[in-house]
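Since the structure comes first, as structure tokens, the remarks are kept for the end.
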Amino acid sequence: MHVRVLGAAAGGGFPQWNCNCAGCARARLNDSAVRPRTQASLAVSADGARWVLLNASPDLPYQIASAPCLQPKPGDPLRHSPIAAVIISGGDVDCIAGLLSMREAQKFALYADGFVQKIFYENRIFRVLDRRFVSFNALPRGYVVDVEGPEGEALGLSVEAFPVPGKVPLYEEASNDIATLQAADAVVGLCISDGARKIFYIPGCAAITPQLRARLRPDDVLFFDGTLWRDDEMIAAGTGVKTAARMGHISVSGPAGSIAAFADVAVARKIFIHINNTNPMLCDDSAEAAFVREAGWEIAYDGMALSC
């Protein structure tokens, strides 16, 4: 299985357009230890020719322009794309906005669960995804689904969507009470398999449950929510008023953080993705980045490639 990280940052990217925190400032100065990153998404392929996107970030046009494997090749038809399918894990803007850049009458299959499908049907802007070209497919939770292209062709991959703790998208929030914002059907994790290996893509997760830990096996690759280093990070940095928990994310550090929660779970590779611009582990020379590496984790970056 071929995997390419199209984007590794959280919403807003890195550097974020309106942020002048220490990390963003260094990134704008082309500091070699601070690599810019676009908003989180993966591309996965069983054969290296037909690709499946895991989420479609607002940065998708730039991500495609940076990934030759996703571009038409010499000799291809006049209109062609190696992207055969897109699988969506949640309704946040940084998961779905890139779909609006895929409106040029190009055939592809779109997979999303009922929560996200409802957003597509209720928001008229997504009508630009012409149903004559884009096949909308259900993604029932807890079932393994063979991923097919727009003509029903097998792509050599399967997907299982499973619930993870999370909250409704920001634009769906009706109050500031986290208890009312949490929703069992708002966020899913994705397990992608080629029949031999599995990758887990979980860019948003509010808590690590025993059920989630039990899914992982020693041969698996885990891409996991690395949004904030500490729960009060944005408050301490002066860049926001919300904690990680309020945003629907578990923090990376601390006794209740993701590093501690997965410390005794054996997988082939553990990789943080969806990393907020304020997170100090984005700076390769930081103590936090060193701590992550020493704990056996990797920090995703745009263009990172894996063969599983």
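A short reminder: the numbers here are calculations on the coordinates, not readings from a lab. Predicted model, so just to flag it, every value in this text is computed and none were measured. Here the Cβ positions follow ideal geometry from the backbone for every residue, glycine too, while neighbour counts run over all protein chains shown.
Antiparallel beta bridges, as assigned by DSSP with both residues in segment 2-307, represent about 50 percent of the total such bridges.
Of the residues GLY303, PRO72, ILE88, the one whose Cα sits farthest towards the positive end of the charge dipole of segment 2-307 is PRO72 (charges of +1 on Lys and Arg Cβ, -1 on Asp and Glu Cβ, taken about the Cα centre). So if R0 is 41 Å, what FRET efficiency would ALA263 and ARG132 give, r being the distance between their Cβ atoms, rounded to the nearest 0.05? Between ALA263 and ARG132 the formula returns 0.25. Evaluated with a Cβ-only charge set (Lys, Arg +1; Asp, Glu -1), the chain carries a dipole of roughly 360 debye about its Cα centre, given to the nearest 20.
Estimated from the Cβ-Cβ distance and a Förster radius of 35 angstrom, the FRET efficiency linking VAL93 and ASP47 is about 0.65. For segment 2-307, the number of Lys pairs separated by eight or more positions or lying on different chains, with C-alpha atoms closer than 28 Å, is 10.
Rounded to the nearest 20, the size of the Cβ-charge dipole of segment 72-134 about its Cα centre is 320 debye, with Lys and Arg at +1 and Asp and Glu at -1.
Among ARG26, ARG141, ARG127, the largest mean-square fluctuation in a Gaussian network model of the chain, built with springs joining Cα atoms closer than 10 Å, belongs to ARG127.
Between LEU212, LEU42, LEU60, the Gaussian network model of the chain with springs among Cα atoms under 10 angstrom shows the greatest mean-square fluctuation at LEU212.
A simple spin-label model places the labels of ASN20 and VAL145 4.6 nm from each other, with each point 7 Å out along Cα-to-Cβ. The candidate values were (1) 0.95; (2) 1.17; (3) 1.01; the one computed from these coordinates for Cα Rg over 2.2 N^0.38 Å carries the label (1). Most mobile of HIS80, HIS249, HIS274 per a Gaussian network model of the chain (Cα springs, under 10 Å)? Maximum fluctuation in the GNM of the chain, among the listed residues, is at HIS80.
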